[in-house]
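Everything below concerns the one structure shown next.
The values are calculated or read from the model by the stated rules, or taken from the named source; none is laboratory data. Keep in mind that what you see is a predicted model, and the values were worked out from it rather than measured. For neighbour counting, all protein chains shown are included, and Cβ atoms are generated from backbone atoms with ideal geometry for every residue, glycine included.
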Amino acid sequence: MAREEFVRACVPILRRELELLQGAGADIVQIDDPHLCLFVDPQVRAQHDNPDKAADFAVDMINQVVDGVSSVKLAVHLCRRAGARARGEAQFEGGYDPILAQLNKLKVHHLTMEFTTPGTGDMAVFKKLRGDFEIGLGCVDVTPGRIDSPETIAARVRKALPYLSPDRITLNPDCGFAPGSGAQVSIDEAYQKIQNEVAAAKMLREETSH
């Protein structure tokens, strides 16, 4: 089965999973998409005759999964494989600009975007996104052994404030770092990273409430 045929075959399965989560009372459902962010990388784009068409296909599949769903907040995590980079796997460089047209076509409420790793581009890109998107700002480094202080996390978020109102921002780890996921991360390290993220959020709320 060709790759596109395989992906199309997965749509009803993912749709059913979404419906089950909705029926179970979930308030937010996030779809993890590692494919769309491949097309931020010039080298990946060069491998396709029409990279925009390939990126459009990824968006179309997501939109088919979420079509007509209205009782839950829908989110897409744009996975740049930060966790994979930490494990020495492939990395994809480039800012988000090449896929902005595709992002603005997503029928979701929330985008989780990674920004702690080098090469992710400038946060001015937020000015070009739809104003109704809530942004899950990847602001916690998931590299094993690297624990950002609350001040470091807060400083990353402040860089987004010239382009996004505070009420559109949620704080997120850049990607996954769960123990046992392939990265060598202890439960204590994961807990400390989340604690520091919470402390940064509290700091920022106090700053922006004045």
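Below is a table of values for the structure above.
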| quantity | calculated |
| --- | --- |
| V108 crowded, with 18+ Cβ neighbours inside 10 Å and either more than 22 Å from I62 (Cβ to Cβ) or in contact with a Ser or Thr (Cβ under 6 Å, 6 or more places away or on another chain) (or both) | no |
| Test set (1) closer than 30 Å to S70 by Cβ; (2) modelled with pLDDT under 95 - L129 fails condition number | (2) |
| Criterion: touching a helix residue (DSSP H, G or I) at 6+ places or on another chain (Cβ under 9 Å), modelled with pLDDT of 95 or more and of a type in the set (D, E) - qualifying residue of D141, D148 | D148 |
| Some residue of region 184-194 being in contact with a Pro (Cβ under 7 Å, 6 or more places away or on another chain) and either closer than 27 Å to V59 by Cβ or buried (at least 21 other Cβ atoms within 10 Å of the Cβ) (or both) | yes |
| In region 130-159, the residues that are farther than 18 Å from M203 by Cα and more than 14 Å from the chain's Cα centre (by Cα) | R130, G131, D132, T143, P144, G145, R146 |
| Given (1) at pLDDT 95 or above; (2) surrounded by fewer than 20 Cβ atoms within 10 Å (Cβ to Cβ); (3) not hydrophobic (A, V, I, L, M, F, W, C), number of the condition G136 does not satisfy | (2) |
| Tally of residues being of a type in the set (G, A, S) and in contact (Cβ under 8 Å) with a residue 40 or more places away in the chain across region 3-53 | 1 |
| Residue identified as surrounded by 14 or more Cβ atoms within 10 Å (Cβ to Cβ) and modelled with pLDDT of 90 or more among A154, A124 | A154 |
| D122 being out of contact with any strand residue (DSSP E or B) (no Cβ under 9 Å at 6 or more places or on another chain), among the charged types (D, E, K, R) and under 19 Å from L78 (Cβ atoms) | yes |
| The one condition in (1) assigned to a loop (DSSP other than H, G, I, E, B); (2) within 27 Å of P42 (Cβ to Cβ); (3) modelled with pLDDT of 95 or more that C175 fails to fulfil | (3) |
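Condition check ((1) touching a Lys or Arg at 6+ places or on another chain (Cβ under 9 Å); (2) more than 21 Å from V76 (Cβ to Cβ); (3) of a type in the set (G, A, S)) across all residues:
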{"site": "H109", "(1), (2), (3)": "yes, no, no"}
{"site": "T116", "(1), (2), (3)": "yes, no, no"}
{"site": "L137", "(1), (2), (3)": "yes, no, no"}
{"site": "T143", "(1), (2), (3)": "yes, yes, no"}
{"site": "T170", "(1), (2), (3)": "no, no, no"}
{"site": "C175", "(1), (2), (3)": "yes, no, no"}
